[in-house]
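The values are calculated or read from the model by the stated rules, or taken from the named source; none is laboratory data. Not measured: the values here are computed from a predicted model. Please note: Cβ atoms are built from the backbone with ideal geometry, for glycine as well, and neighbour counts cover all protein chains shown.
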Amino acid sequence: MKSVREIYKIGHGPSSSHTMGPRRAASIFKTRFPDAASYKVTLYGSLAATGRGHLT
């Protein structure tokens with residue numbers, strides 16, 4: 001049987017649901033395009049509405 005720590009992940013910020021997904025996406029992009037000097041991101045929906053406040 002899995003422990004609670006294996007089932008749930010602890011995220012950063014006031015709303016981990018708004019930081020865990022973007023953090024994972026950023027990690028994937030960085031892995032796929034390691035030579036890029038920068039990335040431009042457009043947030044939509046609830047992430048766009050709360051992105052700055054949740055440090056997305």
Pair list, Cβ < 9 Å and 6+ apart or interchain, from the range 1-12 residues that are in a loop (DSSP other than H, G, I, E, B) to residues that are polar (S, T, N, Q) and surrounded by 10 or more Cβ atoms within 10 Å (Cβ to Cβ): LYS9/SER16; ILE10/SER16; GLY11/SER17; GLY11/THR19; HIS12/THR19
task: Six or more apart or on different chains, Cβ under 6 Å: which pairs go from a residue in the range 18-34 that's closer than 16 Å to SER46 by Cβ to one that's modelled with pLDDT under 80 and small (Gly, Ala, Ser)? Could you list them?
output: THR19/GLY11; THR19/GLY13; MET20/GLY11
